[in-house]
Amino acid sequence: MTYLVLNCGSSSIKFEAFAVPSLRSRLRGQLEAIGTAEARLRWDREERPATAADHDRALTLIAERLAREGLHPTAVGHRVVHGGERFHRPVLVDDSVLAAIEAAAPLAPLHNPINVAGIRLARRLWPEAKQIAAFDTAFHHTLPPRAFRYAVPSSWYRDHGVRRYGFHGLSHAHVAKKAARFLGRPLERLSLIVLHLGNGASACAIQDGRSIDTSMGMTPLEGLVMGSRCGDLDPGILLYLIRQRRLSPESLDGALNHASGLRGLCGHSDMRAVRWSAATDPDARLALELFSYRVRKYIGAYLAALGRLDALIFTGGIGENDAETRAACLEGLERFGLVIDPARNRRPLTDVLPLHAPESDSAILAIATDEAREIAENMAALLNPEKAGNGR
C-alpha cells in the first residue's frame, strides 16, 4: 500500500510517496516551472527536463514516474491552503467537500483553485484511491474568539467570514509534536512558540497542544515581514493610496503580495541575497533589522499570551538554516529567560537541534519541518485510526 502526498502550487507540484503502514518515504520530488520551457521533474537526487504545459500534464508525468517505481497510490493526500470555518481536520473528499473548498476560494484566490484542480486531476488518474484533503488552516481552529475576531462590524464576520484563520498549520503542528518528543514531555502540557520563518513566515503560540494565537490572519499577508509580503500594515495606508494614487484593488494586491516584504525594502526576496547585500547596501541592512525586530515583537506578545514558555522553536527555510537570523531574533531577550548558545547555534541541523545555553529558562530548538509527513500521518489516523501513531 502507498500513500501519495501532493502539494499543488501555481507553478509546481511537490510529491512524496510513503509506504504503509511504516510511513517510510519511498520517493519524493517535484515538477517545477510548469508551463515554461524550463520545466523539470526532480526526484530524490535525479532530475530531467519535462514538457509540462499545464498541471494536467505535470501530474500525468508524476503518475508515470511513480508507476515505473511500482508505486500505485491507495490514498492521495492533498495540502489545501484554506478550509474556512468548516474544516477542522483532514477529511475524505467527496463532491460536497470539493464544492466547499471551491467556495473558500475568495479567501485564498491564489491557492484554493489550484488545490481543487489537483484533487480533480488525482481523482481521474487514480480513480480507486481515496482522496483526502488536509488544511493549512485547520490547526488554528482552536483559536479563541478574542484571538480570531477583528474589531470591525460584526456583520463582516457573520456575512463575509472576516476573521483570523491562520496558516502554516501543518508545519506548526508537526514541529510541536517533534519538540514534545525531544523534550520527553506530553504536548498537552507544553507552552510553545513556533516561528516558521521562510519566504512565507508566521508565528504561533501553542498552549497545551492547541493553537491559541497566530500572526497570519484572514489571509497570509498579516504578521511577520516575509520575502515579498508586507506583514502587519496600517489599513489606512491602503485607503490613502486608493484616494491619492487611484490604485486599483488588483494593483494593491500585487504590491502587497509580490512587491513588498524584503523585496520591497531592498529588492531581494531571498534572505541569503539580502544578507549578502547587507555588507554594502543600507537598505538590505534595514531589511535584516526590520525582519528580526518584527519577530522579537511577536515573541514578546506570545510570552504575555502564554504566561510561561517551555520551548521556542525555529523552523522553515530561514529558521532551520540561518544562524545569524536566529541570533538576531533573540537579541536582547536574555532578560526574559531566552539565552542562545552561539556555538550550538552554528551547528548544522539534521532533525532537532538544541540552541539554548545552560542558563536559559526555556529550551530553544531548531526543528526540521516536514509537511508531507504530517499529511501522511494525518491520512493514517483518518484511514486506520486503530493503528494511528505509525511513523510518529
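Taking the conditions exactly as written (in a helix (DSSP H, G or I), modelled with pLDDT of 95 or more and not assigned by TED's automatic domain parsing to the domain that holds SER12), does VAL175 satisfy them or not? Yes; evaluated as a whole, the condition is true for this residue. If you filter segment 69-83 down to residues that are hydrophobic (A, V, I, L, M, F, W, C) and assigned to a loop (DSSP other than H, G, I, E, B), you find that the one that is modelled with the lowest pLDDT is VAL81. Here PHE148, PHE139 are screened, and the one residue that is within 22 Å of GLU222 (Cα to Cα) and under 15 Å from the mean Cα position of the chain (by Cα) is PHE139. When ARG57, ARG86 are screened for being modelled with pLDDT under 95, basic (Lys, Arg), assigned to a helix (DSSP H, G or I) and surrounded by fewer than 23 Cβ atoms within 10 Å (Cβ to Cβ), only ARG57 passes. Residues in segment 151-171 that are surrounded by fewer than 14 Cβ atoms within 10 Å (Cβ to Cβ) and among the hydroxyl-bearing types (Ser, Thr, Tyr) were compared, and the one that is farthest from ALA104 (Cα to Cα) is SER154. Residues in segment 178-201 that are out of contact with any strand residue (DSSP E or B) (no Cβ under 9 Å at 6 or more places or on another chain) and either closer than 18 Å to ASP370 by Cα or part of a strand (DSSP E or B) (or both): ASN199, GLY200. If the condition is being closer than 28 Å to MET218 by Cα and assigned to a helix (DSSP H, G or I), then segment 254-273 contributes GLY254, ALA255, LEU256, ASN257, HIS258, GLY261, LEU262, ARG263, GLY264, LEU265, CYS266, MET271.
Looking only at segment 228-251, decide whether some residue is closer than 20 Å to HIS141 by Cα, aliphatic (A, V, I, L, M) and at pLDDT below 95. Within segment 228-251, none of the residues are closer than 20 Å to HIS141 by Cα, aliphatic (A, V, I, L, M) and at pLDDT below 95. Is segment 353-364 home to any residue that is in contact with a Ser or Thr (Cβ under 8 Å, 6 or more places away or on another chain) and without any contact (Cβ under 8 Å) to a residue 24 or more places away in the chain? Yes: one or more hits. Taking segment 8-31 as the search range and keeping residues that are within 28 Å of GLU386 (Cβ to Cβ) and among the polar types (S, T, N, Q), which one is nearest to the chain's Cα centre (by Cα)? Residue satisfying both the conditions and the ranking: SER25.
On the given criteria, is LEU221 surrounded by fewer than 24 Cβ atoms within 10 Å (Cβ to Cβ) and over 21 Å from the mean Cα position of the chain (by Cα)? When the stated conditions are applied, LEU221 does not pass them. Test each condition in (1) touching a Gly at 6+ places or on another chain (Cβ under 8 Å); (2) assigned to a loop (DSSP other than H, G, I, E, B) for THR51 and report the one that comes out false. Of (1) touching a Gly at 6+ places or on another chain (Cβ under 8 Å); (2) assigned to a loop (DSSP other than H, G, I, E, B), only one is false for THR51: (1).
Within segment 122-138, identify whether any single residue is among the basic types (Lys, Arg) and within 16 Å of ASP213 (Cβ to Cβ), and answer yes or no. No, segment 122-138 has no match at all. Pairs are defined by a Cβ separation below 9 Å, a sequence spacing of at least 6 or placement on different chains, a first member in segment 192-210 that is over 27 Å from ALA273 (Cα atoms), and a second member that is surrounded by fewer than 24 Cβ atoms within 10 Å (Cβ to Cβ) and among the basic types (Lys, Arg); the pairs so defined are ASP208/ARG189; GLY209/LYS177; GLY209/ARG189. Contact annotation: residue pairs with Cβ atoms under 8 Å, 6 or more positions apart or on different chains, pairing a residue in segment 136-159 that is of a type in the set (Lys, Arg) with a partner that is in a helix (DSSP H, G or I), are ARG149/TYR157. If the condition is being assigned to a loop (DSSP other than H, G, I, E, B) and more than 22 Å from GLY169 (Cβ to Cβ), then segment 89-124 contributes only ASP94.
The values are calculated or read from the model by the stated rules, or taken from the named source; none is laboratory data. It should be emphasised that the depicted structure is a prediction, and the values quoted were computed from it without experimental measurement. As a convention, Cβ positions derive from the backbone with ideal geometry for all residues, glycine included, and neighbour counts pool all protein chains shown.
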